[in-house]
1. Which condition number in (1) in a helix (DSSP H, G or I); (2) loosely packed, with under 10 Cβ neighbours inside 10 Å; (3) at pLDDT 85 or above is the one that Glu111 fails?
2. Name the pairs: first residue in segment 60-73 and closer than 22 Å to Pro28 by Cβ, second residue part of a helix (DSSP H, G or I) and among the aliphatic types (A, V, I, L, M), Cβ to Cβ under 7 Å, at least 6 apart or on different chains?
3. Please work out which residue is least open to solvent (accessible area, probe 1.4 Å), limiting yourself to segment 24-50 and to residues that are more than 14 Å from Gln12 (Cβ to Cβ) and of a type in the set (Ser, Thr, Tyr).
4. Could you say which residue among Ile65, Ile18 is modelled with pLDDT of 65 or more, open to solvent by 90 Å² or more (accessible area, probe 1.4 Å), among the aliphatic types (A, V, I, L, M) and not in a loop (DSSP other than H, G, I, E, B)?
Amino acid sequence: MTHFFFLALQMQNIAAYILLQIGGNASPSAADVQRLLGTVGIEADMGRVNTLIAELKDKSIDELIAAGSSKLASVPSGGAGAAPAATSAGAAPAAAAAEEKKEEKVEEKEESDDDMGFGLFD
């Protein structure tokens, strides 16, 4: 929980910095970030704000976002798990054929119950 709290505080600073840049301030200062956060009732941690300003000095936010996006592209994002390796070359086609048979049986049952004795336009 504590880690999340500090991360949220840092994100507030970053968001304020980016908002100031989007608003036309090409190089926001620590005082600018503090003032913006103050308008919404957030007391800025000036140590963190000063660190952020030092890290972002002379860097374009657009370039930083592009670099971060390319790094994120290499991170696995979940989804389907890795497929298990087949034990022999013939195992994969046999498994695929068995799955097709199961699917065919399911489809036949669904088709027979389509109208359940009632026609839509009878």
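1. For Glu111, the failing item is (3).
2. Pairs found: Ile61/Ile18.
3. The extreme case among them is Ser29.
4. None of the others qualify; the one that does is Ile65.
The values are calculated or read from the model by the stated rules, or taken from the named source; none is laboratory data. Everything numeric in this text was worked out from a predicted model, so none of it was measured. Every residue, glycine as well, gets a Cβ built from its backbone with ideal geometry; the counts of neighbours run over all protein chains shown. Accessible surface is based on the protein model in full, side chains and every heavy atom, while ligands, DNA and RNA are left aside. Shrake-Rupley method; radii C 1.70, N 1.55, O 1.52, S 1.80 Å.
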